[in-house]
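Worksheet for the structure shown next.
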Amino acid sequence: MSTPVPRTAVIGLGAMGLPMARRLAGTLPVTVFDIAAERRALVTAEGAAEAGTPAGAADGADIVLLAVRDQSQVDAALFGENGVASVLRPGAVVVLTSTVGPEPARATAARLAEQGVHLVDAPVSGGPTRAGSGDLLIVVGATEEARTLAAPVLERLASTLTVIGDKPGDGQSLKAVNQLLAGVHIAAAAEAVALSRGLGLDPKTVIESLSQGAAGSFMFSDRGPRMALAYEDEEVEVRSRLDIFVKDMGIVNGVARQAHVPVPLAAAAEQLYLLGERAGLAARDDSSVVTLLSPPEETR
């Protein structure tokens, strides 16, 4: 007998949710919800159905994938008016791809468990392009039963799937370590580009050269070219909003404080993103943080 294809709902069609929904719509019956009708239309054009509320999207679903910004949006999508939890049947599974921190994930899992619904704590990393091609890193904390139920979605989206533990919150813990590295690497890339300008060097040449050596990193190669564009009066595509790293570095420093582990580089990086937010860069690509260290109007 063939395994039934799970009905899937995707809640949130932002920078990561949209390409993930498109990827899933290629093989699974998918219904989507986002507050922006134009974003829903981008997925329905590829065969998905749409709904006007989270509950409408999740009605009858076996798997609900949440791709929202923070815990307040998780709570609204699940437990708010017309929330997902109001229609989920026992045995359904919610896949939480957002970065919210370990304790909020555990609290969410406990609320869902009261009605027999599983939570798979599965924060994602890799960016929108990799999300669209199924090339994400997904770190998972969930029971074996929940992981099995969610496997059709997880395996469609991930090229690297790491099961770090059997409890919700475990995935968030590993994602915090990931975001520590990512946030510090972006901040270091910004300092390198700013110093290059201060020394009268061409940032594009510096980035191209150093990306090939021991000093290179994914973030330097990925964000560096976008940082260089900030000095050419070119509009930089927003692939990851700066205020996402305000949130994520706050989570990193919070869990480190609870664990009594000093993270001085993460603390400094968080302050840089907070300065960027205060400077009006919250909705800009996180690469724009370089302009705090080397403003475009400065002459060289």
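The values are calculated or read from the model by the stated rules, or taken from the named source; none is laboratory data. Note that the coordinates shown come from a computational prediction; the quantities given were computed from them, not determined experimentally. Positions of Cβ are backbone-derived with ideal geometry, glycine not excepted, and every protein chain shown enters the neighbour counts.
If the condition is being surrounded by 15 or more Cβ atoms within 10 Å (Cβ to Cβ), out of contact with any Phe, Trp or Tyr (no Cβ under 7 Å at 6 or more places or on another chain) and of a type in the set (A, V, I, L, M, F, W, C), then region 283-300 contributes 290, 292, 293.
When 65, 88, 78, 96 are checked against the criterion of being under 21 Å from residue 155 (Cβ atoms), out of contact with any Asp or Glu (no Cβ under 7 Å at 6 or more places or on another chain) and not charged (D, E, K, R), a single residue qualifies: 65. Against the condition part of a loop (DSSP other than H, G, I, E, B) and within 22 Å of residue 280 (Cα to Cα), how does residue 237 come out, does it pass? In short, yes.
So that you can scan it fast, the table gives a plain yes or no per residue for (1) aliphatic (A, V, I, L, M); (2) in contact with a helix residue (DSSP H, G or I) (Cβ under 6 Å, 6 or more places away or on another chain):
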| site | (1), (2) |
| --- | --- |
| 87 | yes, yes |
| 112 | yes, no |
| 123 | no, yes |
| 126 | no, no |
| 129 | no, no |
| 141 | no, yes |
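Consider residue 39 carefully, then state whether it is modelled with pLDDT of 95 or more, crowded, with 21+ Cβ neighbours inside 10 Å, closer than 26 Å to residue 239 by Cβ and among the charged types (D, E, K, R).
Spelling it out, it is not the case that residue 39 is modelled with pLDDT of 95 or more, crowded, with 21+ Cβ neighbours inside 10 Å, closer than 26 Å to residue 239 by Cβ and among the charged types (D, E, K, R).
The set of residues in region 227-255 being without any contact (Cβ under 8 Å) to a residue 12 or more places away in the chain and farther than 17 Å from residue 193 by Cα consists of 235 alone.
Residue 209 falls short on exactly one of the conditions (1) in contact (Cβ under 8 Å) with a residue 12 or more places away in the chain; (2) in the same structural domain as residue 286 (by TED's automatic domain parsing); (3) of a type in the set (Gly, Ala, Ser), and that condition is (1).
Within region 264-282, how many residues turn out to be aliphatic (A, V, I, L, M), part of a loop (DSSP other than H, G, I, E, B) and surrounded by fewer than 19 Cβ atoms within 10 Å (Cβ to Cβ)?
2
Restricting attention to region 1-32, report how many residues are in contact with a Gly (Cβ under 7 Å, 6 or more places away or on another chain) and either surrounded by 24 or more Cβ atoms within 10 Å (Cβ to Cβ) or in contact (Cβ under 8 Å) with a residue 40 or more places away in the chain (or both).
The first filter runs over region 1-32 and keeps only residues in contact with a Gly (Cβ under 7 Å, 6 or more places away or on another chain), leaving 7, 10, 19, 22-23, 25.
Next cut, either surrounded by 24 or more Cβ atoms within 10 Å (Cβ to Cβ) or in contact (Cβ under 8 Å) with a residue 40 or more places away in the chain (or both) only: 7, 10, 19, 22-23.
Count: 5.
Report those helices (runs of 4 or more DSSP H) wholly inside region 132-219 carrying at least 2 residues which are crowded, with 18+ Cβ neighbours inside 10 Å and in contact with an Asp or Glu (Cβ under 8 Å, 6 or more places away or on another chain).
Values: elements: 144-157, 170-198, 203-210.
Once the helices (runs of 4 or more DSSP H) in region 132-219 are filtered for at least 2 residues that are crowded, with 18+ Cβ neighbours inside 10 Å and in contact with an Asp or Glu (Cβ under 8 Å, 6 or more places away or on another chain), what remains is 170-198.
The residue of region 1-19 that is nearest to the chain's Cα centre (by Cα), among those that are more than 19 Å from residue 53 (Cα to Cα) and modelled with pLDDT of 95 or more, is 16.
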